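Here's the structure we're looking at; comments come further down.
Read the figures in this text as sums done on the coordinates, not as results from a lab. Just so you know, these numbers come straight off a predicted model, no measurement behind them. Here the Cβ positions follow ideal geometry from the backbone for every residue, glycine too, while neighbour counts run over all protein chains shown.
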Amino acid sequence: MPRLVVVSNRVADPRKTAAGGLAVALADVLNNTGGLWFGWSGKIVEPSAGGRADEGELRTQQAGPVKLVTLDLSREDHDAYYVGYSNGVLWPVFHYRLDLADFDAGYIAGYRRVNQLFARKLQPLLRDDDIIWVHDYHLIPLAAELRALGCTQRIGFFLHIPLPPPLILAAIPGHDWLIRALFAYDLVGFQSEADHGHFCRYIEAEARAQNLGEGRWRAFNRTIQAGAFPIGMDVEEFNALASAPDGLEMYERMRREYSRRKLLVGVDRLDYSKGLPQRLQAFRELLQRYPETHNSATLVQIASPSREDVGAYTDILHELESLCGSINGNYGELEWMPVRYIHRTVARSRLPGLYRASRVALVTPLRDGMNLVAKEFVASQDPQDPGVLVLSRFAGAAEQLKEALLVNPYDVEATANAIHLALQMPVEERRARHQALMANIREYDVHWWCDSFLDSLVKAQAEETGTPWL
Ligand code: ADQ
């Protein structure tokens, strides 16, 4: 079996549980093939007096059979590549938020510079028969840069976030360069059929790509394969966390604390794509419309700090604090606070217990590539007395989790009604929905995702590579 090389913006040690889904997902394949994981160390080197920062020095760490190789970035590169282009342009536009994009012309140069740096540093570490899997929007041009250095290995790309329709994509200055860069891969994977469809429409209209059928496309002297590979969760990993001491303790504690009230839960990174203000407005609407929920329902909303160096994130933080304050101020009583808002990181090991103790999960992003919290909530439930998932139709997960209560998060009243329905739902209906959801989550789990992507990558018929063209 050829060696797997994974490249992503950040690298995680797959032996640590805090590393989360992707690391766990890839750990098996990386372990089996003695793989290599390459990415940014998370460290920024400041320029020494008068000179440029000494970036790009490689650090190697052995994690069992897996080699982790990381490099530092200079302040200038980090600000342009990570804060600027990745999180100030691609993240908002790919989540349909043109209003939040900051199209500073300097960002794209930094984005390209870091992708070139990654390619330059990675190329000498590669073997001819390696299979390379590149992850996410930070690294779209990486394969093109590797090809420019003569790499002919099989290279796949998976986009973890949504891909918007062609006319939204076309608002990005240099969008044609970006999408053309995807043709340096052999396989390009998306989270949903909707995103895959947007890609097909874009390349047909803007790049006059030729549709060869069965997901194969030809343009720019290259033939690539594209498709939807919805990411799944690791059900066994989550079960193990649930039955570990931390998980059990959390469950018992929450059950005791909320024995007289129904618990609603939201767990997100604090991000404007997650629809948090709309969710709180829907909860406020629930309290307003259905007085019987007073004193009987509590929303625990965890919103972990994220990308605090990007301006739009400070705005959403303030909006959220103000909404929580006004809901608690207007509806709270001495013995009951309607919202418990936690702007802190919560250990992954405590999530299954929290989910299991909750009657309803509110997963209501305005846009999301997939949203694994939705799947993790379902997998944590007691099958005899399961909680209900209220899920945004704009999360990639909605294509698969059809038995959830699907809502339009912009429609605050309808969302409030769905939450009410969830709180009232009889146990037979909860069981039936849970069973159907679980069947999907088990079948399309993280191992399915990994295997089906890598299978397609191995089979993708790479034809002539043509001249590298960036
Ligand atoms: P995220 O936007 O981070 O990921 P999500 O899928 O919800 O979104 O979460 C990824 C992982 O982080 C999950 O395992 C979840 O449990 C964990 N997580 C999220 N919020 C947390 C919190 N507050 N505390 C602790 N853990 C938390 C991106 C895309 C998603 C896509 C994933 C995977 O934006 O759409 O599902 O990648 O492809």
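Site pair residue 432 and residue 240 shows an inter-label distance of 3.6 nm when each label is modelled 7 Å from Cα along Cα→Cβ. For the pair the range 234-249 / the range 64-111, the C-alpha centres are spaced 34 Å from each other.
Placing R0 at 22 angstrom, the Cβ-Cβ distance between residue 218 and residue 149 gives a FRET efficiency of 0.40 after rounding to 0.05. For the chain, pairs of C-alpha atoms spaced more than 40 angstrom apart make up 21 percent of the total.
Only beta bridges with both residues in the chain are counted; by DSSP, about 20 percent of them are antiparallel. Annotation for residue 208 and residue 309: the two label points, set 7 Å from Cα along the Cα-Cβ direction, are 4.3 nm apart. Summarising the label geometry, the points placed 7 Å from Cα in the beta-carbon direction at residue 414 and residue 123 lie 5.2 nm from one another.
Dividing the summed helix terms, -39500 (n - 2.57) for each DSSP H run of n ≥ 4, by the number of residues in the chain produces a 222 nm estimate of -12000 deg cm²/dmol to the nearest 500.
Does the range 235-443 come out rounded, prolate or oblate, given a ≥ b ≥ c as the square roots of the eigenvalues of its C-alpha gyration tensor, rounded meaning a/c under 1.5 and, failing that, prolate meaning a/b above b/c? Rounded, because the longest to shortest axis ratio a/c is under 1.5.
Of the GluC sites (Glu not before Pro) found in the range 207-303, those that fall in a DSSP loop while having at most 11 other beta-carbon atoms within 10 Å are 214.
A Cβ-based charge dipole, computed about the Cα centre of the chain with Lys and Arg at +1 and Asp and Glu at -1, lands at about 360 debye. In order along the range 72-82, the phi-based Karplus estimate (6.51 cos²θ - 1.76 cosθ + 1.60, θ = phi - 60°) of 3J(HN,Hα) comes to 8, 10, 6, 4, 4, 5, 4, 5, 7, 6, 8 Hz; Gly and Pro are listed as x. For residue 15 and residue 292, the FRET efficiency from 1/(1 + (r/R0)^6), where r spans their Cβ atoms and R0 equals 35 Å, is about 0.10.
Scanning residues 5 or more positions from residue 3 or on other chains, those with amide H under 5 Å from its amide H are 131, with H placed 1.01 Å from N in the peptide plane. Using θ = phi - 60° in the Karplus curve 6.51 cos²θ - 1.76 cosθ + 1.60, the 3J(HN,Hα) couplings for the range 110-117 round to x, 4, 5, 4, 6, 4, 5, 4 Hz; x is entered for Gly and Pro. For a modelled paramagnetic label at residue 459, 7 Å from Cα along Cα-to-Cβ, the residues of the range 182-204 in reach, with backbone nitrogen under 15 Å, are 187-188.
For residue 285, neighbours were defined as the other residues whose beta-carbon sits under 15 Å from its Cβ, and their charges (Lys and Arg +1, Asp and Glu -1) total 0. Close amide-amide hydrogen proximity is noted between residue 212 and 217, 218, each under 5 Å apart and 5 or more residues distant or on a separate chain (H modeled in the peptide plane; Pro and chain starts excluded). Note on residue 336 and residue 170: the extension gain reaches 54.8 nm, defined as 0.36 nm multiplied by sequence separation minus the Cα-Cα distance.
Distance from a point 7 Å along Cα→Cβ of residue 318 to each backbone N in the range 268-300: keep the residues under 17 Å and list them by number. Counting only backbone N, you get 271-272, 277.
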